[in-house]
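Report on the structure given below.
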Amino acid sequence: MTQKFKNYINGEWVDSVTKETFESRMPADWSKVIGVFPKSNKEDVDLAVKAAKEAFKSWKKVPAAKRGELLGKVGDIMVKRKEELARLMTEEMGKIMKEARGDTQEGIDTAYYAFGEGRRFFGRTSPSELPNKVAITFLRPIGVAGLITPWNFPIAIPTWKMFPALLSGNTVVLKPASDTPALATKLVEIMEEAGFPKGVVNLVHGPGGSVGNAILEHNDVGVVSFTGSSEVGRHIASVCGRTLKKVSLELGGKNAQIVMDDADIDLALDGVLFGAFGTAGQRCTATSRLILHEKIYDLFIEKLVKRTEDLKLGYPWDESIDVGPVINEASMKKILEYVKIGKEEGAKLVTGGYRYEEGVCKNGWFVKPTIFVDVKPKMRIEQEEIFGPVLSVIKVNSFEESIDVLNDVEYGLSSSIYTKNVNLAFKAIEDIDTGITYVNGPTIGAECHLPFGGTKNTGNGHREGGWTVYEIFTEQKTVYIDYSGKLQKAQIDISIEK
Ligand code: UN1
């Protein structure tokens, strides 16, 4: 019997108003249905926002330390259910078991960070420019937060947004990706078990076109946070511009790893294999370009191709597997379309480049890890986000050229340089225009307590993670307290009393 899932609105598990449904299936074996979910629309969003708006009245009054304690409890439950969540993630999203545990761990880390933040939800104090007067700032919640999350980190990213939003005193309406609704439901079940008051956390399943847009257009939603493509991000920003909502966007990437001629080659190889083919290349932070110094180019490629061909594809819940499927058929087709484009552009395909259908992989969306060499800057495969296991290798003859090539894309999320030369490492840190730079590490693997986000078309200037995500979900209140007992005029009473 196929499991039927529901929306969570005002503390109740409910069907959508229309009673329409959609399915979630396994990318590793498309014949298997994970469950059936409500295909919601604007009316469901209206109910969720109404509940969230009502709940906000009392939730904002709960002390931040107490809100944090609930999130700490969420972390504790996630620790207990880590294996179960990870296993479900291999089934519903398709990342391999080790990475699925990592994704869940990132959610646990985010919960405990928020727990701690509850006791250091600090404002500032400042002397006034006038005597006998002081100024204080407080962090305050915004109201209802509309959160639209992707499928590639189906536990971690909803926690990145929900936990700081809630700790800050907002209530939330979560619209998770339609490819991973069961995982979002499990997370909300855990939050229900932890004991959030009704209406504080709401979950509405369904398509971006109806549910997502209804959230963006709703007058009672005060802040929106979205992770996904730059194309959708532009649309979200324009609606939020028109409706004057605060909006935080985490969008595309075209991340590169540079390997200089003095680098530890085997270390750089381990890095690019993990960065390019981990999560089947479906991370915003994935390494999709490898920029090699000409002196090590041939040797590096020879070793890389061999190591890539050794990667094992199969069911992601099988612990011996290195690469799982991509998320769905449309995604696989898009990736294979880019392979075609790469060949037409004159890049040289040295391994992979096709759908892999051997053994257990026959019923899933598997793409053999793919490498193009002799890729030239400005080729489409070098510029556009592919979101799959496809790596473009570019040859350069100097450090300066490697930085120019790295920077010459519309995105600026993550980057990496392998070198033993400390001067080059620091120059790279200074000259690379991305939000994140790794030295002697791959482009993936950001930690939850540090700012996460990118420059240029990767976003609109906000940073999730760490302390910076709290800037997204709060308003500043500035308070002036005058204890002089007389009218003092700022900017006018400027003379110093003798
Ligand atoms: C993403 O792909 O949107 O840095 C998030 C990493 C992970 C998060 C990726 N911790 O690779």
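The values are calculated or read from the model by the stated rules, or taken from the named source; none is laboratory data. The structure displayed is predicted, hence computed values, not measured ones. Virtual Cβ from ideal backbone geometry, glycine too; neighbours counted across all protein chains shown.
Out of segment 46-62, which residues are touching a residue at least 12 places away in the same chain (Cβ under 8 Å) and either over 30 Å from Glu20 (Cα atoms) or touching a Leu at 6+ places or on another chain (Cβ under 9 Å) (or both)?
Across segment 46-62, the qualifying residues are Ala48, Ser58, Trp59, Lys60, Val62.
Which of the numbered conditions does Gln257 fail, given that it passes all the others? Conditions: (1) part of a helix (DSSP H, G or I); (2) within 16 Å of the ligand (Cβ to nearest atom); (3) within 20 Å of Lys456 (Cα to Cα).
(1)
Is one or more of the residues making up segment 194-208 in a helix (DSSP H, G or I) and touching a Leu at 6+ places or on another chain (Cβ under 6 Å)?
Within segment 194-208, one or more residues are in a helix (DSSP H, G or I) and touching a Leu at 6+ places or on another chain (Cβ under 6 Å).
When you look at Ile386, is it more than 13 Å from the ligand (Cβ to nearest atom), over 19 Å from the mean Cα position of the chain (by Cα) and outside the structural domain of Ile136 (by TED's automatic domain parsing), yes or no?
Spelling it out, it is not the case that Ile386 is more than 13 Å from the ligand (Cβ to nearest atom), over 19 Å from the mean Cα position of the chain (by Cα) and outside the structural domain of Ile136 (by TED's automatic domain parsing).
Tell me yes or no: at least one residue of segment 106-125 is without any contact (Cβ under 8 Å) to a residue 24 or more places away in the chain, of a type outside the set (Asp, Glu), within 16 Å of the ligand (Cβ to nearest atom) and in the same structural domain as Leu70 (by TED's automatic domain parsing).
no
I need the full set of residues from segment 148-173 which are away from the ligand (no atom under 16 Å from the Cβ) and of a type outside the set (Gly, Ala, Ser), in order please.
The answer is Leu166, Leu167, Asn170, Thr171, Val172, Val173.
Considering Leu406, Leu450, Leu424, which residue is within 16 Å of the ligand (Cβ to nearest atom) and either assigned to a helix (DSSP H, G or I) or out of contact with any helix residue (DSSP H, G or I) (no Cβ under 9 Å at 6 or more places or on another chain) (or both)?
So the residue among Leu406, Leu450, Leu424 that is within 16 Å of the ligand (Cβ to nearest atom) and either assigned to a helix (DSSP H, G or I) or out of contact with any helix residue (DSSP H, G or I) (no Cβ under 9 Å at 6 or more places or on another chain) (or both) is Leu450.
Among the numbered conditions (1) surrounded by 16 or more Cβ atoms within 10 Å (Cβ to Cβ); (2) at negative phi; (3) outside the structural domain of Asp46 (by TED's automatic domain parsing); (4) within 16 Å of the ligand (Cβ to nearest atom), tell me where Gly281 comes up short.
(2)
Check segment 214-229 and report whether any residue there is surrounded by fewer than 24 Cβ atoms within 10 Å (Cβ to Cβ), assigned to a loop (DSSP other than H, G, I, E, B) and of a type in the set (Ser, Thr, Tyr).
There is at least one residue in segment 214-229 that is surrounded by fewer than 24 Cβ atoms within 10 Å (Cβ to Cβ), assigned to a loop (DSSP other than H, G, I, E, B) and of a type in the set (Ser, Thr, Tyr).
For residues that are of a type in the set (D, E, K, R) and assigned to a helix (DSSP H, G or I), scanning just segment 376-403, find the one that is nearest to Leu290 (Cα to Cα).
Only one residue tops the list, namely Glu382.
For segment 170-185, which residues satisfy the criterion of being assigned to a helix (DSSP H, G or I) and in contact (Cβ under 8 Å) with a residue 40 or more places away in the chain?
Pro181, Ala182, Leu183, Thr185, listed by residue number.
Hey, can you tell me all the residues within segment 348-365 that are among the small types (Gly, Ala, Ser) and surrounded by 15 or more Cβ atoms within 10 Å (Cβ to Cβ)?
Matches in segment 348-365: Gly352, Gly353, Gly364.
So is Lys245 more than 16 Å from the ligand (Cβ to nearest atom), in the same structural domain as Trp13 (by TED's automatic domain parsing) and more than 20 Å from the chain's Cα centre (by Cα) or not?
Against the criterion (more than 16 Å from the ligand (Cβ to nearest atom), in the same structural domain as Trp13 (by TED's automatic domain parsing) and more than 20 Å from the chain's Cα centre (by Cα)), Lys245 qualifies.
Out of Ser495, Ser484, report the one residue that is more than 16 Å from the ligand (Cβ to nearest atom), free of Cβ contacts under 8 Å to residues at least 12 places away in the same chain and over 25 Å from the mean Cα position of the chain (by Cα).
Selected residue: Ser495, the only one of Ser495, Ser484 that is more than 16 Å from the ligand (Cβ to nearest atom), free of Cβ contacts under 8 Å to residues at least 12 places away in the same chain and over 25 Å from the mean Cα position of the chain (by Cα).
Give Glu23, Glu43 a once-over and let me know the one that is among the acidic types (Asp, Glu), free of Cβ contacts under 8 Å to residues at least 40 places away in the same chain and not in a helix (DSSP H, G or I).
Glu23 is the lone residue from the list that is among the acidic types (Asp, Glu), free of Cβ contacts under 8 Å to residues at least 40 places away in the same chain and not in a helix (DSSP H, G or I).
Pick from Ser238, Ser288, Ser320, Ser331: which is small (Gly, Ala, Ser), under 30 Å from Trp30 (Cβ atoms) and more than 20 Å from the chain's Cα centre (by Cα)?
After ruling out the rest, the residue left standing is Ser320.
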